[in-house]
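The values are calculated or read from the model by the stated rules, or taken from the named source; none is laboratory data. As the structure is a prediction and not an experimental result, all values here were calculated from the model. Ideal geometry is used to build each Cβ from the backbone, glycine not excepted, and the neighbour counts take in all protein chains shown. Side chains included, ligands, DNA and RNA excluded: accessible areas come from the protein's heavy atoms. Shrake-Rupley method; radii C 1.70, N 1.55, O 1.52, S 1.80 Å.
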Amino acid sequence: MLSYRHAFHAGNAADVLKHAILIQCLDYIGQKEKGYMYADTHSGAGLYHLSEGYAAQNGEWLSGAGRVIDETSEVWLLHRYREIIIPFWQNSKTYPGSSIIAARLMRPQDKAYCFELHPRDFELLHAELENDRRFKIIKADGPKGFVSLLPPPARRGCILIDPSYEIKSDYIDLQKHIAAALKRFSAGTYIIWYPLLARPDALSFPVSLMNLYQGNRCRIELQFSEKSPEERGMYGCGLVIYNPPWILQSVLEQDMPALAGLLNGTWFLEWEESARGDTD
Ligand code: SAM
């Protein structure tokens, strides 16, 4: 039974990091004319109202996207994030989730597969994107389902894996599915989000992910509160990215101080090149 609703958290600090980096990855893959596949294994509801409903109840966005909307410094990572996010805020006081961000950045030749299991969030996502012919919205288990889509016909793809980690076995199961995906398509850009939590499986997860793939990869983390001794207290989040755009390293090194400063956090970056020196 799924109880997580992303609407409570939409636009929070974790979304800012994830979406700012997703935008960089899609910008990069979209530089070549040839179409790419975007897969979103955990899509959420698509679009979130910030001034009413769940997001307004918690107000998490105020210490995330709210701070970026109001800021003026123009480092590239935040500049691109603001370019995508602000029109939604100005037009309808909404915040775009990952699939809507992708819809905004994709070209006619690109194709997206978005998975969502929660019945209500699936309905909302479907309503947002049903008329977009580039998108297929699928009510099925994302981590299992996306593997069968690989490799994409044009051998170009960006895959966002953004679970809610509601089930204890998620950490182990995800690694199995990601390993299966890599066997079919090792050249893709994989973006895997995880929470920073004081529990053994969560703490070892990013290390395991960095060991699961030996090609170019990186790990970027943002800690936005004191490490909590409680297993349920999320004190930050991170992303492991396989085959990140080469340009992302310098963007993160230059711009993460500004992003982390704005969100009152600290950041950490680990960047590993393929032992074989492969590049995309
Ligand atoms: N990716 C979204 C974004 O950035 O805007 C947020 C996704 S939210 C963190 C995780 C979503 O995954 C929830 O909407 C939840 O209902 C959904 N979910 C949980 N388990 C799933 C599964 N096995 N397959 C597909 N969706 C799942």
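Springs between Cα atoms under 10 Å define the GNM used for the chain, and in it the highest mean-square fluctuation of N264, N211, N91 occurs at N91.
Taking every pair of alpha-carbon atoms in the stretch 127-227, what share in percent sits in each 5 Å bin, from 0 to the bin with the longest distance? Answer for the stretch 127-227: a P(r) of 2, 10, 20, 22, 19, 13, 9, 4, 1, 0 percent. Distant-in-sequence amide contacts of S274, defined by a placed amide H-H separation under 5 Å and a gap of 5 or more residues or a different chain, comprise N216, R217.
Under 5 Å from the amide H of L47 lie the amide H atoms of G97, each residue being 5 or more positions distant or on a separate chain, with H modelled from the backbone and absent for Pro and chain starts. Couplings for the stretch 34-40, taken from phi via the Karplus curve 6.51 cos²θ - 1.76 cosθ + 1.60 with θ = phi - 60°, read 4, x, 10, 9, 10, 10, 10 Hz in order; Gly and Pro are left as x.
Note on E166 and T266: the model spin-label points, each 7 Å out from Cα along the C-beta direction, lie 3.4 nm apart.
Per residue, the solvent-accessible area of the chain (1.4 Å probe, heavy atoms of protein chains only, all protein chains present) comes to 45 Å².
The accessible surface of the stretch 1-67, taken with every protein chain in place and a 1.4 Å probe, is 52 percent carbon and sulfur.
Packing here is the average count of other Cβ atoms within 10 Å per residue, and on that basis the peptides 245-255, 94-104, highest first, run 94-104, 245-255.
Cα extents for the stretch 166-280 along the principal axes, largest to smallest and rounded to whole angstrom: 38, 36, 18.
Rolling a 1.4 angstrom probe over the stretch 148-280 with all protein chains present gives an accessible area of which 51% lies on carbon and sulfur atoms.
Net charge of the neighbourhood of R217, taken over other residues with C-beta under 10 Å away and scored Lys/Arg +1, Asp/Glu -1, is -2. Taking K34, K139, K111 in turn, the Gaussian network model of the chain (Cα-Cα springs below 10 Å) assigns the largest fluctuation to K34. Remark on K136: its backbone amide H falls under 5 Å from those of A112, Y113, C114, a criterion applied only to residues 5 or more positions apart or on other chains, H modelled at 1.01 Å from N. The HN-Hα couplings worked out from phi for the stretch 56-68 by the Karplus form 6.51 cos²θ - 1.76 cosθ + 1.60 (θ = phi - 60°) are 6, 4, 8, x, 4, 5, 5, 9, x, 4, x, 6, 6 Hz, whole numbers, x standing for Gly and Pro. Evaluated at q = 0.07, 0.09, 0.10 Å⁻¹, the base-10 log of the normalised Debye intensity for the chain, with identical point scatterers placed on the Cα atoms, takes the values -0.22, -0.37, -0.47. For the residue pairs K136/K176; K93/K183; K34/K144, the alpha carbons lie more than 31 Å apart in K93/K183. Each peptide in 170-177, 35-42, 200-207 receives the mean, over its residues, of other Cβ atoms within 10 Å, and ordering these scores from highest gives 35-42, 170-177, 200-207. Counting 0.36 nm for each residue step from E74 to A275 and taking away their Cα separation leaves a gain of 68.8 nm.
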